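*Asks:* Okay, handing you the structure first.
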Amino acid sequence: MHESSGVPDVFDPRIYAAGIPHDRFRVLRDCAPVARQEEPEVLGWPSGPGFWAVTRHADVVRVLKDSHTYSSCLGATQIRDPDPADLPFIRRMMLNQDPPTHGRLRRLVSRAFTSGRIERFGATARERARQLLAGAIDAGGEVDLVRAVTDDYALLNLTDLLGVPPSDRGLLHTWTERVIAYQDPDEPPVLDDEGRPFNPRSPAMLAEMFGYAQELAAHKREHPADDVMSVLAASELADAEMEMFFFLLTVAGNDTVRSAAPGGLLALAAHPDEQRRWWAGEVGADTAVDELLRVHPPVLSFRRTAAVDTELGGQPIRRGDKVVVFHASANHDERVFPEPHRLDLGRNPNPHVSFGDGPHVCLGAHFARLQLRVLHEEVRRACGGLDLVGEPRRLVSNFINGVKSLPVRLREPSAPPA
């Protein structure tokens, strides 16, 4: 809690190592749906001016849809303010732009995410899931599913879609860890000459990735293939836009599934009744995947900046204020989801915001849903169920809802449910 105001703190990234702080979000939704949050120094990162935490579903959707009032460009989309010198660089990314500029880039890149191309990757993803799960079962049945299955599944699917050679796949993993896990003590920060951590989205930290993107694009122009980078390399994107898209697709494309896959499996392991329904074929795959995404959204929060003076949830918002929407809270809003803390794989309707809403709704949502559906179907085919055999370890982050370790026992296919 903030001692001065009694408002629950949902900023400190260390809170999320124990899971989504549902009790804090419930207090905010009920008593202070748009609440002022302090932004103290944490884990070596400097303090900030504070922000408004938006926790009710209706207000979250309102902010995400209204890009005129709540800008992605003014201060970018992370809670921490970027270095002012880095802001023009960060604004090159589609994620940190507003319409109409955002729409132009989105239209260009959406050509690469055709339903036909994505569906063709479905067969590859299924075979990959089968191989990884077979290896986990051969290892004795008790495994860390993150290490044995889901990390590789997400990364290898992404590199296939992008067209990254197998020999370079480790680079994408390194770059993703650097950007996503920067708040986690298990990922040592890169420090400047004065001992301060570098922003992982700064030009200095992304130079290596950008150089690789240009090399890969040049290769694809000479040797085009059925992959996203071949399409982007032949498009009208400027070099700087190409670099930022490679960054966005590498990080967001990998970590969406990398976070959602173990999160969904953890939810199944923690809810044996719903697990039985899934294994018995009583619920459809699409509704099941959406419910697992609702209870474990891959992204916890996103920031906007007020472009004009406005009002939200009874609070006056001034131009320049940081406004942070919490997807994890909106997905458990009792005003929208009956019994929100009950896993219901048949839940319908299910208007979760795990992929956002409005103009910035996730470009790769269809690709992510496909991968998750295939994985859950293959887990069901490969074993008789999941039992937790240890505490999962979660990412220290107020941005990504990551699972670093998920120790489970994979039951024999004929074994009765526990």
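*Asks:* Just need a number here: residues in the stretch 307-347 that are among the polar types (S, T, N, Q) and either surrounded by fewer than 22 Cβ atoms within 10 Å (Cβ to Cβ) or more than 22 Å from the chain's Cα centre (by Cα) (or both).
*Replies:* The qualifying residues number 2.
*Asks:* I'd like to know if the stretch 34-53 contains one or more residues that are buried (at least 16 other Cβ atoms within 10 Å of the Cβ) and of a type in the set (Ser, Thr, Tyr).
*Replies:* Looking through the stretch 34-53, none of the residues is buried (at least 16 other Cβ atoms within 10 Å of the Cβ) and of a type in the set (Ser, Thr, Tyr).
*Asks:* Give the stretch 270-290 a look and list any residue that's open to solvent by less than 40 Å² (accessible area, probe 1.4 Å), more than 11 Å from Ala260 (Cα to Cα) and outside any loop (DSSP other than H, G, I, E, B), or say none.
*Replies:* The answer is Glu274, Gln275, Trp278, Ala285, Ala288.
*Asks:* Let me ask something else. Could you grab me the full set of residues in the stretch 80-94 that are buried (at least 20 other Cβ atoms within 10 Å of the Cβ) and either aromatic (Phe, Trp, Tyr) or farther than 16 Å from Ala238 by Cα (or both)?
*Replies:* Passing the criteria: only Arg80.
*Asks:* If a residue has to be part of a loop (DSSP other than H, G, I, E, B) and closer than 15 Å to Asp357 by Cα to count, how many in the stretch 29-68 make the cut?
*Replies:* Going through the stretch 29-68 one residue at a time, the tally reaches 5.
*Asks:* Test Arg111 against the criterion of being open to solvent by 30 Å² or more (accessible area, probe 1.4 Å) and either modelled with pLDDT of 85 or more or closer than 27 Å to Ala382 by Cβ (or both), and give yes or no.
*Replies:* Judged against the criteria, Arg111 is not a match.
*Asks:* In this structure, does Pro297 turn out to be buried (at least 23 other Cβ atoms within 10 Å of the Cβ) and assigned to a loop (DSSP other than H, G, I, E, B)?
*Replies:* When the stated conditions are applied, Pro297 passes them.
*Asks:* Mind checking whether some residue in the stretch 119-141 is closer than 23 Å to Gly402 by Cα and within 18 Å of the chain's Cα centre (by Cα)?
*Replies:* So far as the stretch 119-141 goes, no, none of its residues is closer than 23 Å to Gly402 by Cα and within 18 Å of the chain's Cα centre (by Cα).
*Asks:* Among the residues of the stretch 95-105, write down those that are charged (D, E, K, R) and surrounded by fewer than 17 Cβ atoms within 10 Å (Cβ to Cβ).
*Replies:* Answer for the stretch 95-105, where residues must be charged (D, E, K, R) and surrounded by fewer than 17 Cβ atoms within 10 Å (Cβ to Cβ): just Arg104.
*Asks:* Also: Would you tally the residues in the stretch 219-246 being open to solvent by 20 Å² or more (accessible area, probe 1.4 Å) and among the β-branched types (Val, Ile, Thr)?
*Replies:* 1
*Asks:* Still on this structure, I have one more. Restricting the stretch 54-78 to residues that are at pLDDT 95 or above and hydrophobic (A, V, I, L, M, F, W, C), which is surrounded by the fewest Cβ atoms within 10 Å (Cβ to Cβ)?
*Replies:* If we take residues in the stretch 54-78 being at pLDDT 95 or above and hydrophobic (A, V, I, L, M, F, W, C), then Ala58 is surrounded by the fewest Cβ atoms within 10 Å (Cβ to Cβ).
*Asks:* Additional query: For the structure I just gave you, tell me whether Arg369 is of a type in the set (Lys, Arg), more than 30 Å from Arg111 (Cβ to Cβ) and either over 17 Å from the mean Cα position of the chain (by Cα) or modelled with pLDDT of 95 or more (or both).
*Replies:* In short, no.
*Asks:* Could you list, in sequence order, all residues of the stretch 116-174 that are in a loop (DSSP other than H, G, I, E, B) and open to solvent by 30 Å² or more (accessible area, probe 1.4 Å)?
*Replies:* Ala139, Gly140, Pro165
*Asks:* Restricted to the stretch 365-395, and to residues that are open to solvent by less than 20 Å² (accessible area, probe 1.4 Å) and part of a loop (DSSP other than H, G, I, E, B), which residue is nearest to Asp81 (Cα to Cα)?
*Replies:* Applying the filter and picking the extreme gives Leu395.
The values are calculated or read from the model by the stated rules, or taken from the named source; none is laboratory data. Note that the structure is a prediction, hence the values are computed from the model and not measured. A quick note on method: Cβ atoms are made from the backbone with ideal geometry, for glycine too, and the neighbour counts reach across all protein chains shown. Side chains included, ligands, DNA and RNA excluded: accessible areas come from the protein's heavy atoms. Shrake-Rupley method; radii C 1.70, N 1.55, O 1.52, S 1.80 Å.
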